[in-house]
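The values are calculated or read from the model by the stated rules, or taken from the named source; none is laboratory data. Values in this document were obtained by computation on a predicted structure and should not be read as measured data. Reconstructed Cβ throughout: ideal geometry from the backbone, glycine too, with neighbour counts over all protein chains shown. Surface accessibility is based on the protein's heavy atoms, side chains included, excluding ligands, DNA and RNA. Shrake-Rupley method; radii C 1.70, N 1.55, O 1.52, S 1.80 Å.
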Amino acid sequence: MDAQMNPMVKMLLYVAIFISQLLCGLATVTSASRMLFAFSRDDGIPFASKALARVSPAHRTPVAAIWSSAILSVLFVWFTSAITIAGTPAYSIVVSCTVIFLFLSFTVPIVLGLIAIGGPKWPHMGPWSMGAGNYKIVSVLVIIAMAILFYIGIQPPNDKALEVTVGFLVLALVIWFAIENRRFKGPPIGDEIKRRMSAIHAAEKAVGEKVNVEL
């Protein structure tokens, strides 16, 4: 860009890229903090759920979850930028892994939906329906697209991303079957939903929120 572009155009592009990356980073950290809070609220984070699920009465936000996500994000960039694996910065490899896991998180429910649609567990679609036939076609196309992105993500110089991804999947399965499937109860269902909503409304009322929701 320094050799080929007009300096003014180059600067405008740099500013646009900076703003785009800033907004992308803010969105990522924001979503991460919301997920960390949600998992903690359901006791999904071992040893730290109670602290991370606490909402500040003054700010009315999950302060611990927000700051934990922000600090971990900074440490992630710092440590992975300083480490090199087989000549490739670890940051580049881990970013490929995060993209792979992001698309896997989309793919799993789509595949399960493709299996369940029309069956006893999902006999018909909800009000926002494209029809079971169109859903199946779109699902297959999406799965193919995600497979292509997965293939791209593990190409050199990020070929180590495949090993890291498989390693994390194996580690997650071991932790789940060894510990978490007995400890973690999952999201609330049945009467637990009503109890949870009552607790949320009580907390909101305590900080001055108007609650007009019937349980």
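As I understand it, the dipole of the chain uses +1 on the Cβ of Lys and Arg and -1 on the Cβ of Asp and Glu, about the Cα centre. Which of T98, I189, A27 lies farthest toward its positive end?
So the residue furthest toward the plus end is I189.
Are any of the pairs K136/K160; K50/K185; K50/K205 more than 22 Å apart by Cα-Cα distance, and if so, which?
Long pairs (Cα-Cα over 22 Å): K136/K160.
From largest to smallest, what semi-axes in whole angstrom does the chain give when each is the square root of 5 times an eigenvalue of its alpha carbon gyration tensor? Walk me through the numbers before you get to the answer.
Details: eigenvalues 240, 149, 93 Å².
Result for the chain: semi-axes of 35, 27, 22 Å.
Normalised by the number of residues in the chain, what is the relative contact order in percent for Cα pairs under 8 Å and 6+ residues apart?
Numbers: 139 pairs, mean separation 35.2, N = 215.
Averaging sequence separation for qualifying contacts and normalising by length gives 16 percent for the chain.
So which chymotrypsin sites (Phe, Trp or Tyr not before Pro) in the stretch 1-89 pass both tests, a DSSP loop state and at most 10 other Cβ atoms within 10 Å of the Cβ?
Details: sites: Y14, F18, F37, F39, F47, W67, F76, W78, F79; in loops: F47.
Counting only loop positions with at most 10 other Cβ atoms within 10 Å, the chymotrypsin sites (Phe, Trp or Tyr not before Pro) in the stretch 1-89 are F47.
Hydropathy at least 0.0 by Kyte-Doolittle, axial extent at least 18 angstrom from the Cα trace: which helices of the chain, defined as entire DSSP H runs, fit?
Values: long enough: 7-41 (50 Å, 1.25); 63-82 (29 Å, 1.81); 90-116 (39 Å, 2.28); 132-153 (31 Å, 1.87); 160-175 (23 Å, 2.15); 191-206 (23 Å, -0.82).
Those that clear 18 Å and a mean of 0.0 are 7-41, 63-82, 90-116, 132-153, 160-175.
From the C-alpha gyration tensor of the stretch 1-58, pull out the three semi-axes of the equivalent ellipsoid (sqrt of 5λ each), sorted largest to smallest, in whole Å. Numbers along the way, then the final one.
Numbers: eigenvalues 355, 24, 9 Å².
That gives 42, 11, 7 Å for the three semi-axes.
Using modelled backbone amide H atoms (1.01 Å from N, in-plane), which distant-in-sequence or interchain residues come within less than 5 Å of I85's amide H?
Result for I85 returns A90.
For the stretch 109-199, which chymotrypsin sites (Phe, Trp or Tyr not before Pro) are both in a DSSP coil and crowded by at most 12 other Cβ atoms within 10 Å? Intermediate values should be presented prior to the final figure.
Values: sites: W128, Y135, F150, Y151, F168, W176, F177, F184; in loops: W128, F184.
Qualifying residues, ordered by number: W128.
Let me test this: with uniform point scatterers at the alpha carbons of the stretch 48-130, what is the Debye-based log₁₀ I(q)/I(0) at q = 0.10, 0.22 1/Å?
-0.54, -0.98
Could you give the size of the charge dipole of the chain about its Cα centre, using +1 on the Cβ of each K and R and -1 on the Cβ of each D and E, expressed in debye and rounded to the nearest 20?
540 debye
Report the residue, chosen from V111, V55, V94, that carries the largest GNM mean-square fluctuation when the chain is represented by alpha-carbon nodes joined by springs under 10 Å.
V111
Rolling a 1.4 Å sphere over the protein heavy atoms, what is the accessible area per residue of the chain, to the nearest Å²?
Result: 73 Å² of accessible area for each residue.
If the only charges are +1 at each Lys and Arg Cβ and -1 at each Asp and Glu Cβ, what is the size of the charge dipole of the stretch 1-129 around the Cα centre, to the nearest 20 debye? Before the final figure, lay out each step's value.
Numbers: 7 positive and 3 negative charges, 70 e Å.
For the stretch 1-129, the charge dipole is close to 340 debye.
Only helical DSSP H runs with n ≥ 4 go in: add -39500 (n - 2.57) per run for the chain, normalise by residue count and round the 222 nm mean residue ellipticity to 500 deg cm²/dmol. Display every interim value, and only then the final one.
Numbers: 7 runs with 140 residues, N = 215.
My calculation for the chain gives -22500 deg cm²/dmol from helical runs alone.
On the protein heavy atoms, probe 1.4 angstrom, tell me the percent of accessible surface of the stretch 1-110 carried by carbon and sulfur. Could you put the intermediate results ahead of the total?
Values: 5730 of 7690 Å².
Solvent-exposed carbon and sulfur of the stretch 1-110 make up 75 percent of the total.
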